1. Nearest 0.05, what FRET efficiency do residue 164 and residue 2 give at R0 = 22 Å with Cβ-Cβ as r?
2. Take 207, 177, 256 and order them by how many other Cβ atoms sit within 10 Å, fewest up front.
3. Amide H to amide H, which residues 5 or more places from residue 25 or on other chains are under 5 Å from it, using H placed in the peptide plane?
4. So, R0 is 35 Å and r is the distance between the beta-carbons of residue 70 and residue 285; what FRET efficiency does that work out to, to 0.05?
5. To one decimal place, what Kirkwood hydrodynamic radius in Å is obtained for the chain from all pairs of distinct Cα atoms?
6. Reported to two decimal places, what Rg/Rh ratio describes region 56-162 when computed on Cα atoms with Rh from the Kirkwood expression?
7. Can you give the net charge of the other residues whose Cβ lies under 13 Å from the Cβ of residue 132, counting K and R as +1 and D and E as -1?
8. Using a basic spin-label model with each label point 7 Å from the Cα along Cα→Cβ, how many nm lie between residue 131 and residue 350?
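Bear in mind that the values in this text are calculations on the coordinates, not laboratory data. Only a predicted model underlies this, so the values are computations on that prediction, with no experimental measurement involved. We place every Cβ from the backbone using ideal geometry, glycine too, and count neighbours over all the protein chains shown.
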Amino acid sequence: MSQQLEQLKQCLTLPSPLLPISFEGDAVFLNELITQQNLQILCKRDDLIHPIISGNKWRKLESTVASISNQNIKNVISFGGGFSNHIHALGYVCMQLGIKMKAIIRGNYEDNLTPMLSDLNKWGAEIHYVDKNEYKLRHSAKYLDNLSEKYPNSIIVPEGGSSEHCLKGMLELVTELFTQINNLPNASKRNGQRTYIITPVASGGTLAGLINGFSHFFSNRNNNQISYKNSNSFNFNDTYIVGIGVLKGQDYLEELVLDILPDTQQTNKVKWHISHKFHHGGYAKSSSKLTEFITTSKILSHKNGNNLGSISFEQASQISSDELVKIEKVYSAKMFYAIKEMIKNEQFQENSRIIALHTGGVQGARIR
């Protein structure tokens, strides 16, 4: 199985690129505001890691996949909804590794399969549909013990892949970010600038991983264990990690993050919070404003790293497809909409760097 895992890893694009972005369509006015506020806005394009196991799915699954490969695992069990990016990615990984996957799905889609569930069927996964009441038991120790007894030699992966096991993969992401930021053109000229890392939040694993990763670098840098060119261009003491809650989860989301985080003095020093203003009605729900943003605005990433200003529609039409940043209503669109509103309302300190973490996933946008 280790050979199959290595073959899988060879298909991944790592490190994922960190690219400057600009806005087009109805959001084109943001480019002028970005210039006026002297902001540097970039996107960590984890959506380009892989067509299926994209974004934070690989980051959160990496450690678990290594455990599956090294142990006598016969079954992988996990939970999700009918459009779960996590379940979709895990199902693909299990198919590639030749492992049986058992997906416990909230709701009954037997007569109306979603595109994700159709893929799972094609990949040989066993799907169990459960009602809301049974789905609520997914955190119950007794329920999980019963699953383990029913399926010996199995590993149970939490909903969204979010557990302490996801911290390793997220640490690699932070390592990539640190290196890429310090290798940006003119990085040394931005010494001391404030940095905002923006990410969507649903099950808490990605945000917890970012916090843990930055606490690791705080500690190692203070112990003189980190040495990079232009290392002063990244100001740890003026770095803020901002989660954009994509569901109605005031306090609940914060608790999820804290449950995953190791309780250390360094972790507690990282500055982070979750904004609950941009869920647009709840998980996988939308609003007229979000729908309008998705349909009338474009986000473009620029490989040459130089074009931070406005681009004409004639130029935009000539840009290759991998430079058009794809968004969907469940995660990424809510994050970029939040960034739009925060720039418009001058909520970022002038001369700051903003990094949007594109966590991938398109299941919520698929129609076939």
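1. 0.40
2. Lowest count first: 256, 177, 207.
3. 298
4. That pair, residue 70 with residue 285, gives E of 0.30.
5. 21.3
6. Rg divided by Rh gives 0.93.
7. Net local charge, residue 132 excluded: +1.
8. Distance between label points: 6.0 nm.
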